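See structure below.
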Amino acid sequence: MRKPFIAGNWKMNMTAESGTALIKELRPLVKEAKCEVALCVPAILIPAMVKAAKGSRIKIGAENVHWAEKGAYTGEISVNMLKEYGVKYVIIGHSERRQYFGETDETVNKRTLAALAGGLTPIVCVGETLKERESGKTNDVLDRQLTEGLKGVEDLTKLVIAYEPVWAIGTGKTATDEQAQETIAYIRKKLSKLFSRKEANRVRIQYGGSMNAKNCKGLMAQPDIDGGLIGGASLTTDFACIVNFDK
C-alpha cells in the first residue's frame, strides 16, 4: 500500500525567523499524522529549518539540485551539500523552473539521476499548461515529460511524481477531483508501460495544483492520488489541515 505524502513548497518565501516560527506552530499539529510530511524550502533556509524541525514528523527538502557534484555552476547547489544537512527530498522540474529558468526535460532527467545516485528522493514534477489542456495535448505533454525526464531511472519507486497542472498553480483554480484522478491515472498507466505495472502501482503520485484545506479530502479520496505538493497553503498552519486530511 502506498503511504500518503504531503510536501510543502515554500518557493521564494519565508525567512529563518518566520520559517522557524511556522514550524514551531506546525510541530504539535502534525505529530499524529499518518502520512509522510515534508517542507521543501529555499536553500539558504535549510540549516535553520532542519534545526527547527528536528525531532518532529516534518522532514526538510530542497527546491532544486544540480546534476554535477561540484564545479563552476554559480548559484547552484549539489546533492552532497543538501545531504550534509540531512535533506531527504528535492523538487525537480517544477513548472516555475521550466517557465522562468529554462528547465527542460533533459535537465530534469540529469537532476533526477544525480539525486537518485546520491540517495535523495526526487519529487519530479510534470504537467500541462492551460493552452495545452484546451487543445487536447495533455497526454502528449505528459508522455514526453515522463519518457524524457525519467530516462535511465532504474527503480521508479525511489522517486515521487507530482502532477501539477500549470493552469492551477497559484491561480486559485483547481482541477476537479475527477479531472485530477483521470490525469493521474493516465500517468500511472504510462509509467506501467515505461517501467512495469508493479513499479507503477507502487510509485506515489501527488497532486500539485492548489490543493488546500478545503479541497484536500476530496482529492485525497481518489484512488490514484497519494498526496499533495502544496504551495501557498504550506506557508500557514493550513498546511496541518492538509496533512491531517483523514481526520
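Rule-based calculations on the coordinates, nothing more; no lab input. All of these numbers come straight from a predicted model, not from anything done at the bench. Backbone-built Cβ (ideal geometry, glycine too); neighbour counts: all protein chains shown.
Using DSSP to define loop residues, name the trypsin sites (Lys or Arg not before Pro) in the range 53-92 whose beta-carbon has at most 12 other beta-carbon atoms within 10 Å. Spell out each step's value before the answer.
Details: sites: Lys54, Arg57, Lys59, Lys70, Lys83, Lys88; in loops: Lys54, Arg57, Lys70, Lys88.
Those that pass, being in a loop and sparsely packed, are Lys54, Lys70.
Label positions at Thr236 and Ala68, each projected 7 Å from the Cα along the C-beta direction, are separated by 4.2 nm.
At 222 nm, what helix-only mean residue ellipticity would the chain give, in deg cm²/dmol to the nearest 500, using -39500 (n - 2.57) for each DSSP H run of four or more? Write down the numbers at each step before the final one.
Working: 11 runs with 101 residues, N = 247.
Value at 222 nm, helices only, nearest 500: -11500 deg cm²/dmol.
Only one item in (1) 31, 25, 16; (2) 25, 22, 17; (3) 27, 19, 18 matches semi-axes √(5λ) of the Cα gyration tensor in Å derived from the coordinates shown, and that item is (2).
Which residues make up the longest stretch of the chain that has no chymotrypsin sites (Phe, Trp or Tyr not before Pro) in a DSSP loop with at most 15 other Cβ atoms within 10 Å? Spell out each step's value before the answer.
Working: sites that count: Tyr73, Tyr85.
After excluding every exposed loop site, the longest remaining stretch is 86-247.
Counted by neighbouring Cβ atoms within 10 Å, the residues His94, His66 run from fewest to most as His66, His94. Taking 0.36 nm per residue of sequence separation and removing the Cα-Cα distance, the Leu130/Lys193 pair yields an extension gain of 20.1 nm. Can you pull out the trypsin sites (Lys or Arg not before Pro) in the range 165-238 that DSSP calls coil and that have at most 13 other Cβ atoms within 10 Å? Those that pass, being in a loop and sparsely packed, are Lys173, Lys214. Percent of Cα pairs in the range 14-80 per distance bin of 5 Å, from zero to the largest separation: 3, 17, 26, 19, 15, 10, 7, 3, 1. Take the Cα of Asn201, go 7 Å toward its beta carbon, and the backbone nitrogen atoms of the range 2-33 under 19 Å from that spot belong to 2-4. For the options Ala213, Ala162, Ala21, a Gaussian network treatment of the chain with springs between C-alpha atoms closer than 10 Å singles out Ala21 as fluctuating the most. What stretch of the chain, leaving out the sites themselves, is the longest with no GluC sites (Glu not before Pro) in a DSSP loop having at most 16 other Cβ atoms within 10 Å? Longest stretch, sites excluded: 155-247.
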